[in-house]
Amino acid sequence: MFPSVGMHSWRCLLLGAAANALVACGGDGGTAVIAPYWVSGGVVVSDLDGDGRDDVAMAIRHVDGPPPHPGYVDVRRQTTSGAFAPLQRHAVAADPWVLVAGDVDGDGRPDLVSASPMTQPAPVNAPADSGAVALLRQSAVNSGQFGAAQVLTTGGVANDVSLSDVQGDGRTDLLVADGVIVNSRALWLTQLPAGAFAPPVPVCAGAGRGWSALAVGDLDGDGLADLVGVGGDRLWWCRAQAGGGIAPPAVLGTGVALVGLVLADLDGDGRLDAVAADAGNAPSGGSGGAAVRWWRQTAPGVFSAQAQGVADGARRVLVRDLDADGRPDLAVISTVYQTQANSTRITVLLQTPASPGSYAVSQVWEGPYSASFIAAGELTGDGRVDLVVDGPVVYPQSATTPGVFVPAGVVLP
């Protein structure tokens, strides 16, 4: 059905959103300068067209010289179980990195939003300030088809984007993680009644170190959407205020180099918990310290920290019931920054049945070169949850052992 990918990937990707080198991996793990080529980014698995089958969307850029590079979102619709239509390619802002799905315009159909950290090279001796998001609205008459991108300038470095009705007015706003260290903020784009968006407003001022990821959810159970972000060694919590607006940031937890974030109820107590990928010492050239970290909310606004070590350079974490036991599990993708060869690791952590909210590593394998994003969905037509990383490469779940995945991934056509 799909071409097979063994333990060594079919290509080499850039290590991060801001990398600009033209690098490819040879069969012996060496490097050569080539151009042009494609670099993939964020991957989403969701039923985009409402037919009951999971589809795949992925951010991608065409590297053909110095930045900025043309950016696109590729959509692959699952037409029958385990089979996909040819991809649809949609132009978005330059160099897209993160991709999310959600109903932005309130028509009941998922839309797609990509985030581009920089759409122009950073000025000399000045912070980057050309971040943008691009909104692909789904057609009202053709399910799974998307119109031309609406590009919104955010400023800063748009490392991540989250969708939420922050004001409770029935309209979905955009929250953007600004990665510029000196800015120390997130950015809030309010949706206006006609579907346009107001200019970005800085929020969570003082949350330093530059944000790499954010998430929105009612963390304290007061019915209001709070903003949670990670950057450097800090997990920040900015509470929504009853009269409107977002409060200044408070430190919820710490790590080494937090770069990915999810809010989810891990232990089934009805309270949201926070889960983050911690790259450890890898981004600064060292090794060790990488982990998946989670903060369980044991009482309203009270959190207990836990962690499990994973492969160096953890980038993103996924929360999903992977073994069909009714409890959410974790999957982490790591990029080892120090090597181009064999650089990606995928770690699955299953929840311990006797200890709600606790996890143990069940499986680790080598993924494609320098992949950075992970998602999950039913993509092979067998009714079991599969894992997918940017490429896109699918790792099917075992037919006989729940929660175990086949390490030899398959490439979606």
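Some points to look at:
- Residues that are of a type in the set (Asp, Glu) and either free of Cβ contacts under 8 Å to residues at least 12 places away in the same chain or surrounded by fewer than 20 Cβ atoms within 10 Å (Cβ to Cβ) (or both), drawn from the stretch 267-311: 267, 269
- Top-ranked residue in the stretch 79-130 [being part of a loop (DSSP other than H, G, I, E, B) and of a type in the set (S, T, N, Q); ranked as surrounded by the fewest Cβ atoms within 10 Å (Cβ to Cβ)]: 125
- Cβ pairs under 9 Å, 6+ apart, first in the stretch 195-215 and under 22 Å from residue 150 (Cα atoms), second assigned to a loop (DSSP other than H, G, I, E, B) and acidic (Asp, Glu): 195/105
- In the stretch 312-327, the residues that are within 20 Å of residue 160 (Cβ to Cβ) and either open to solvent by 10 Å² or more (accessible area, probe 1.4 Å) or at pLDDT 95 or above (or both): 314, 315, 316, 317, 318, 319, 320
- Test: residue 399 is in contact (Cβ under 8 Å) with a residue 60 or more places away in the chain and not hydroxyl-bearing (Ser, Thr, Tyr): no
- Any hit, the stretch 236-254, residues being outside any loop (DSSP other than H, G, I, E, B), crowded, with 24+ Cβ neighbours inside 10 Å and in contact with a Ser or Thr (Cβ under 7 Å, 6 or more places away or on another chain): no
- Matching residues in the stretch 45-63 - criterion: being in contact with a Gly (Cβ under 9 Å, 6 or more places away or on another chain) and not in a loop (DSSP other than H, G, I, E, B): 45, 46, 55, 56, 57, 58, 59, 60, 61, 62
- Residue within the stretch 199-220 that is surrounded by fewer than 23 Cβ atoms within 10 Å (Cβ to Cβ), under 23 Å from the mean Cα position of the chain (by Cα) and farther than 30 Å from residue 280 by Cα present: yes
- Restricting the stretch 89-133 to residues that are among the polar types (S, T, N, Q) and out of contact with any Gly (no Cβ under 8 Å at 6 or more places or on another chain), the residue that is modelled with the highest pLDDT is 120.
The values are calculated or read from the model by the stated rules, or taken from the named source; none is laboratory data. These numbers come from a predicted model, not from an experiment. Counting neighbours? That spans all protein chains shown, and the Cβs are built from the backbone with ideal geometry, glycine included. Note: areas computed on protein heavy atoms with side chains; ligands, DNA, RNA excluded. Shrake-Rupley method; radii C 1.70, N 1.55, O 1.52, S 1.80 Å.
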